[in-house]
Amino acid sequence: SDLIVAAEHATFGLPEVKRGLIAAAGGAFRLSHHLPRKLAVELLLTGEPISAADALRWGLANRVVPAAEVLPTALALAHQIAANAPLAVQSSKRLAYGIGNGRDPESELWALNEAEIEVVFRSQDAREGPLAFAEKRLPVWQAH
């Protein structure tokens, strides 16, 4: 997400490793672009979440507000952006993300992500994790 307005009670995390899976929607490689690498790796490897206050402190969230103010705050931010010149906003976003001339800087990372998906999602652990979660028991990992 480009911008995040979070409720005070929100938490952020990637719990996939607790279920024998990986954060295959890009979170595994994108998180370290938004947080210090060591914090990102801790979140990825432990599966533990961080609070909205910590997300704000580390720059993962733009605003943390009471739950009733999330939508109005997000809309105010969107209106503020929409009031600017569209081409300048679009160009600024491309520059911020390093996107240009049809080049996606994440393309190699997506290829690596797909290769890791093949390994992890075909494993016995990928079946065991969700099953153990559904059965409300601790998983028995086999590492295969």
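The values are calculated or read from the model by the stated rules, or taken from the named source; none is laboratory data. Small disclaimer: the values here were computed from a predicted structure and weren't measured. Here the Cβ is made from the backbone with ideal geometry for all residues, glycine too, and neighbour counts use every protein chain on show. When the accessible area is computed, the model is the full protein with side chains, heavy atoms only, and any ligands, DNA or RNA have been set aside. Shrake-Rupley method; radii C 1.70, N 1.55, O 1.52, S 1.80 Å.
Numerical summary
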{"quantity": "Additional length obtainable on full extension of the chain from LYS18 to ALA85, 0.36 nm per residue less Cα span", "calculated": "19.7 nm"}
{"quantity": "Calculated [θ] (222 nm, deg cm²/dmol) that DSSP helices of n ≥ 4 give over the chain, each run adding -39,500 (n - 2.57)", "calculated": "-15500 deg cm²/dmol"}
{"quantity": "Relative contact order (%) - the chain, alpha-carbon pairs under 8 angstrom, separation at least six", "calculated": "32"}
{"quantity": "Surface accessible to a 1.4 Å probe, per residue, for the residues of the chain, Å²", "calculated": "68"}
{"quantity": "Overall form of the chain per C-alpha gyration tensor (a/c, 1.5; a/b vs b/c)", "calculated": "oblate"}
{"quantity": "Efficiency of FRET between LEU45 and GLU108 - r from beta-carbon atoms, R0 30 angstrom, step 0.05", "calculated": "0.85"}
{"quantity": "Largest to smallest accessible area among THR11, THR73 [probe 1.4 Å]", "calculated": "THR11, THR73"}
{"quantity": "Segment 21-69 - percent of accessible surface contributed by carbon and sulfur, probe 1.4 Å", "calculated": "58"}
